[in-house]
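Structure first, then comments.
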Amino acid sequence: MRKKIVAGNWKMNKNLREGANLAKELKAAMAGKTVNCEVVVCPPFIHLALMSIIFEDKTIKVGAQNCADKPSGAYTGEVSAAMLASTEAQYVILGHSERRAYYGETNAILKEKVKLALENKLTPIFCIGEVLEEREADRQNEVVKTQIEEGLFDLSADDFGKIVLAYEPVWAIGTGKTATSEQAQEMHAYIRQILAEKYGETVANETSILYGGSCNAGNAKELFSNPDVDGGLIGGASLKVDTFLPIVEAF
Ligand code: 13P
């Protein structure tokens with residue numbers, strides 16, 4: 001059975017002290033609770049090592065939001081996949097629409113990042129999704145297909161089996177305008193069909209596909225009840241225990 005995952009993407013929020021406080025609060029709130037999904041927290045780089053200490057019992061996993069497309073060397077300001085692994089982070093978000101739109105990350109660059117993440121035993125949470133104009137032109141399927149093909153389809157079936165996908169329609173991110181349950185299910189089923197055509201039914205059925213974009217306590221249950229929606233990548237609502245925990249508990 002594929003993994004159910006709720007991952008919080010803190011984006012560029014929380015200083016070191018605030019991040020530590022939120023992590024400790026979340027850990028305390030989850031203590032003794034039975035949770036039916038993997039819970040992942042993806043803070044900014046500077047928090048990672050500390051998060052791994054706070055979450056040392058691994059009931060909550062730690063992920064990064066990006067990594068370099070080069071293994072090491074003279075790349076000022078970059079953080080390598082090997083460095084992330086050394087903090088005991090287990091996941092890394094790659095190809096978030098904000099990285100694609102504001103930092104020029106192309107599918108070709110992302111392909112390198114995915115390779116390096118896998119070499120360092122990190123699980124990529126690979127983000128895909130169309131912008132509003134593409135949705136309005138009914139082009140969402142071809143856009144998502146190209147992102148997957150160009151970013152991931154040079155992987156072996158074995159390596160592809162280590163990937164988590166996150167469908168995040170860009171028009172739903174931070175807008176309060178969630179995709180409807182039907183829109184999410186329709187796209188997730190389409191993605192699974194593309195995976196089945198390339199890698200076969202087994203790989204397709206075992207790949208976790210998360211939904212992201214204005215997911216909150218009020219809509220998580222309905223979104224996650226769809227057969228092809230395996231969890232969520234949560235932005236704004238991951239910044240407070242009160243708004244994040246109910247999403248985790250939606251499973
Ligand atoms: P919001 O939940 O704030 O819409 O952000 C979604 C997102 O981009 C998660 O990666």
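Brief remarks on what is shown
- With 0.36 nm allotted per residue and the present C-alpha distance subtracted, the Glu186-Met1 stretch has 64.6 nm of extension available.
- Euclidean distance of C-alpha centroids, the stretch 135-150 and the stretch 186-251, integer Å: 18
- In order along the stretch 59-75, phi translates into HN-Hα couplings of 6, 10, 8, 10, x, 9, 9, 5, 8, 6, 9, 10, x, 5, x, 7, 10 Hz, rounded to whole numbers, per the Karplus curve 6.51 cos²θ - 1.76 cosθ + 1.60 with θ = phi - 60° and x for Gly and Pro.
- With 5 Å bins from 0: P(r) over the stretch 126-251, alpha-carbon pairs, percent: 2, 12, 22, 24, 18, 13, 8, 2, 0
- Radius 13 Å from Cβ of Asp138, net charge of other residues (Lys, Arg +1; Asp, Glu -1): -4
- Summarising the amide proton neighbourhood of Gly232: residues at separation of 5 or more, or on other chains, whose placed amide H is nearer than 5 Å comprise Ile5, Val6, Ala7, Tyr211.
- Net charge, Gly231 excluded, C-beta distance under 9 Å - Lys, Arg +1, Asp, Glu -1: 0
- The relative contact order of the chain, computed from alpha carbon pairs under 8 Å that lie at least 6 residues apart in sequence, is 22 percent.
- Check: the chain dipole with +1 on Lys, Arg Cβ and -1 on Asp, Glu Cβ, in debye: 840
- Couplings 3J(HN,Hα) of the stretch 228-242, computed from phi: 9, 9, 9, x, x, 10, 10, x, x, 6, 8, 8, 9, 4, 4 Hz, in residue order, whole Hz [Karplus 6.51 cos²θ - 1.76 cosθ + 1.60, θ = phi - 60°; x for Gly and Pro].
- Its Cα centre serving as origin, the stretch 115-164 has a Cβ charge dipole (Lys and Arg +1, Asp and Glu -1) of approximately 300 debye.
- Kirkwood-Stokes translational diffusion coefficient of the chain, alpha-carbon pairs, 4 °C, 1.567 mPa s, µm²/s: 72
- Rounded if a/c under 1.5, otherwise prolate or oblate - the stretch 69-207, Cα gyration tensor axes: oblate
None of the figures in this text is laboratory data; all of them are computed from the coordinates on show. The structure displayed is predicted, hence computed values, not measured ones. When we count neighbours, we look across all protein chains shown, and the Cβ atoms used for this are built from the backbone with ideal geometry, even at glycine.
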